[in-house]
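The structure appears below as structure tokens.
The values are calculated or read from the model by the stated rules, or taken from the named source; none is laboratory data. The model shown is predicted, which means the values in this text are computed figures rather than measured ones. Neighbour counts are summed over all protein chains in view; Cβ atoms, including those assigned to glycine, are modelled from backbone coordinates with ideal geometry. In case anyone asks, the SASA skips ligands and DNA or RNA and just uses the protein heavy atoms, side chains included. Shrake-Rupley method; radii C 1.70, N 1.55, O 1.52, S 1.80 Å.
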Amino acid sequence: MTVGEYYDREGAERLLRGLREGVLLAQGPMGSALMEIGGADVPAAFWNVAEPQEVARIHMLYERAGAEVMVTNTFQASGPALQRDGMSQGVGEVNRAAADCALSAHGLAVLGSIGPCGLDWEGEDDEAWSAASASYREQASALLAANCSGILLETFTSLHDLSPALCGAMEAADGMPVLCSVVIDARGRLLHDDASIEEAIGYMEERGASAVGVNCCSLAEANAVVSRIAASSHVPFMIRPNAGIPAVGNDGLPSWSEDAEAFARACLAWRDAGASMVGSCCGASARTTCAMAAALDKFDGA
């Protein structure tokens, strides 16, 4: 019996059906929400094992605000990231704890978040590339084994970094959905290798992504690129911008000027353009999720 036989296939089908049939509302960010509570010195992944009730509380707050898709607090919970942050807990323990927290919110689906692992490599025949791919495979396997409905590769800034991530995640997926999201600039190009959003979408789709999109760009950048994504995508697409460039206070912590109503107005345009999932990223809060839910009539029948 393979590990994949224990994956949440029913949850994956719910997720894929939701992406096909309408627009899903994803929860907002975890990292900036936790930073407001504990400061910038505590790695976000550490909360999963040290204060899981706080992580679960944030997920439940988003769910009560109208979010349908939970996103685990595991953006930096790969093996290399945990080692970099001085965490002694293993990948399996940290990612399982995070998944349990997200599942406690009882959303439609839970996506296992995976961000860049931080390993550098030159070519795909390098040992470093293999190590990076293995780290993504390990984390994706842990998240799927913990009952996530799919994997969300997010905040990737180059096709170079996407290469081992998509390889490792697809190897672990065993048919489960792998969604993939990149960061763009005002020209609709990836931040670190200047690939166009159209090139990025083709790259992700060719490697089996179940959905593609952008995250952690500004609202203006998302609004400017949504029609290009709609025109070039052959799979469902996602739009999840951040709350803008943060200001740094005297305490050294970033703070954002959140505009929930701007997100609410924008998400209607994204839906009308064909987006299958919308949400918010760094600096947003449950207030933004609630405003988007109201705009999308997610409270009907509640």
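Taking the chain as a Gaussian network, where each spring joins two C-alpha atoms under 10 Å apart, which residue of Met35, Met170, Met70 fluctuates the most?
Its mean-square fluctuation being the largest, the pick is Met35.
Applying a 10 Å radius around every beta-carbon, put 126-136, 177-187 in order of their mean neighbour count, most first.
177-187, 126-136
Evaluate the Debye formula for segment 101-206 with equal point scatterers sitting on the alpha carbons, no solvent, and hand back log10 of I(q)/I(0) at q = 0.15, 0.17, 0.23 Å⁻¹, in q order, two decimals.
Ignoring solvent entirely, the Cα scatterers give -0.63, -0.78, -1.21.
When the convex hull of the C-alpha atoms of segment 178-247 is computed, what volume per residue in Å³ does it have?
81 Å³
For segment 262-302, what size does the Cα cloud have along each of its three principal axes, sorted from largest down, in whole Å?
Computed over segment 262-302, the largest-to-smallest principal extents equal 26, 25, 16 Å.
Can you give the local net charge around Pro29? Use residues other than it whose beta-carbon is closer than 12 angstrom to its beta-carbon, Lys and Arg +1, Asp and Glu -1.
Its environment carries a net charge of -2.
Kindly state, as a whole number, the per residue volume in cubic angstrom of the convex hull around the alpha carbon atoms of segment 216-278.
Each residue corresponds to 78 Å³ of Cα convex hull volume.
Among the DSSP beta bridges whose two residues both lie in the chain, what percent are antiparallel, rounded to the nearest 5?
Rounded to the nearest five, the antiparallel share is 15 percent.
Just the accessible area for Thr72, please: 1.4 Å probe, Å², rounded to the nearest 10?
Surface open to solvent at Thr72 totals about 0 Å².
Please say if segment 1-83 is rounded, prolate or oblate, where rounded means a/c under 1.5 for a ≥ b ≥ c the square roots of the C-alpha gyration tensor eigenvalues, and otherwise the choice is prolate for a/b larger than b/c and oblate otherwise?
Taking the square roots of the gyration eigenvalues as a ≥ b ≥ c, segment 1-83 is oblate.
Return the equivalent ellipsoid semi-axes of segment 79-155 as a descending list in whole Å, where each equals the square root of 5 times an eigenvalue of the C-alpha gyration tensor.
Whole-Å semi-axes of the equivalent ellipsoid: 25, 14, 9.
Just the Cα atoms of the chain, one point each, no solvent: what log10 I(q)/I(0) does Debye give at q = 0.14, 0.16 Å⁻¹?
Debye output, listed in q order: -1.00, -1.37.
Principal axes first, then extents: for the Cα atoms of segment 125-186, list largest minus smallest coordinate on each axis, whole Å, largest first.
Largest first, segment 125-186 extends 36, 31, 15 Å along its Cα principal axes.
How would you rank 78-85, 111-118, highest first, on the average number of other Cβ atoms within 10 Å across their residues?
The packing order, highest mean first, is 111-118, 78-85.
Could you tell me the calculated FRET efficiency between Arg17 and Asp251, based on Cβ-Cβ distance and R0 = 45 angstrom, to the nearest 0.05?
FRET efficiency, Arg17 to Asp251: 0.50.
Just the number: Rg to Rh for segment 157-274, Cα atoms, Kirkwood Rh, two decimals.
Expressed as Rg/Rh, it is 1.01.
What number, in percent, do you get for the relative contact order of the chain if the mean sequence gap of Cα pairs under 8 Å and at least 6 apart is divided by its residue count?
It rounds to 19 percent for the chain.
Measuring with a 1.4 Å probe in the full set of protein chains, what accessible area per residue, in whole Å², belongs to the chain?
Averaged over the residues of the chain, the accessible area is 41 Å².
Hey, how many Å between the Cα centroid of segment 235-301 and the Cα centroid of segment 72-105?
Here the two parts' Cα centres lie 25 Å apart.
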